[in-house]
1. Using a 10 Å cut-off around each Cβ, can you sort HIS149, HIS134 from fewest to most neighbouring Cβ atoms?
2. Can you work out the FRET efficiency for the pair ILE91 and LYS155, with r the C-beta to C-beta distance and R0 = 25 Å, to the nearest 0.05?
3. Please compute the volume of the convex hull spanned by the alpha-carbon atoms of segment 22-192 and report it per residue in Å³.
4. Please give the FRET efficiency for VAL43 paired with THR76, using the beta carbon to beta carbon distance and R0 = 35 Å, rounded to the nearest 0.05.
5. Please arrange CYS64, CYS48 by how many other C-beta atoms lie within 10 Å of their C-beta, fewest to most.
6. ³J(HN,Hα) across segment 78-90 via Karplus (A = 6.51, B = -1.76, C = 1.60, θ = phi - 60°), whole Hz, x for Gly/Pro?
7. For segment 173-187 and segment 122-156, what is the separation of their Cα centres, given in Å?
Amino acid sequence: MKAFLNLLFVLSGFVLLGQPNFGEATIGKLQNSTLRVSGETNVTGFSCVFDPTYFEPQKKIAYCDQGDLILLRNATLKLNLDGFNCGGKAINKDFRAMLEAEDYPEIILNFKQFNRVERGYEALVNIALAGQQHTYTIPVEIVQGDLKHLKGILKLTLSDYDLELPKKLFGLLKLKEVIAIEFDIAGNLNTAF
């Protein structure tokens, strides 16, 4: 029994030592951010701009800097589909219908980690859209200044989310399958480690 307790004590020490040490950060002034979803049809393009007043005023996240890898927890942006303006009532309605807003009223961007790479950073981002989730690795730019900026463009294939692409004018106007989410997440960053 004593040997078992000693083994348990040693193993619990390894488990505790192996846990990353997370610090906390608060990101404020997120209303300075911009986000746009854009795509193309066989005739023209469209752009739906997210109203930044729908962002939370501040967000608490946890992070662990491990050299070339920064792990994140709670680094989630919830984008209420009511916050998107595509330029008119009809296209707003089509956008919401395509993304199944009645059942899934938010797009959720969950940043999991940043990797330092030769040309900057790559972000591992989980996207929840219309009841499905997929994870992407995308290049991002981090810009320092009065406000910190995280900029990037994420291209999604709509069929990955089993979305029905809207067709207009008896099928003559068709949405192409790839859309882009272009973001510039801006805010002030206060860290406590």
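1. Values: HIS149 18, HIS134 13.
The order, fewest Cβ neighbours first, is HIS134, HIS149.
2. On the way: r = 20 Å, r/R0 = 0.81.
In this case the efficiency is close to 0.80.
3. On the way: hull volume 20.6 nm³, N = 171.
Given the Cα convex hull of segment 22-192, per-residue volume reads 121 Å³.
4. Details: r = 36 Å, r/R0 = 1.02.
Efficiency, from the Cβ-Cβ distance: 0.45.
5. Working: CYS64 16, CYS48 22.
By the 10 Å Cβ count, ascending: CYS64, CYS48.
6. Rounded to whole hertz, the list is 9, 9, 5, 5, 5, x, 8, 10, 9, x, x, 4, 5.
7. Distance between centres, Cα-based: 11 Å.
Any read-out appearing in this document is the output of simple, stated calculations on the displayed coordinates, not a laboratory observation. Given the structure is predicted, the values throughout are model-derived calculations rather than measurements. Heads up, the Cβs are rebuilt from the backbone with ideal geometry, glycines too, and the neighbour counts pull from every protein chain shown.
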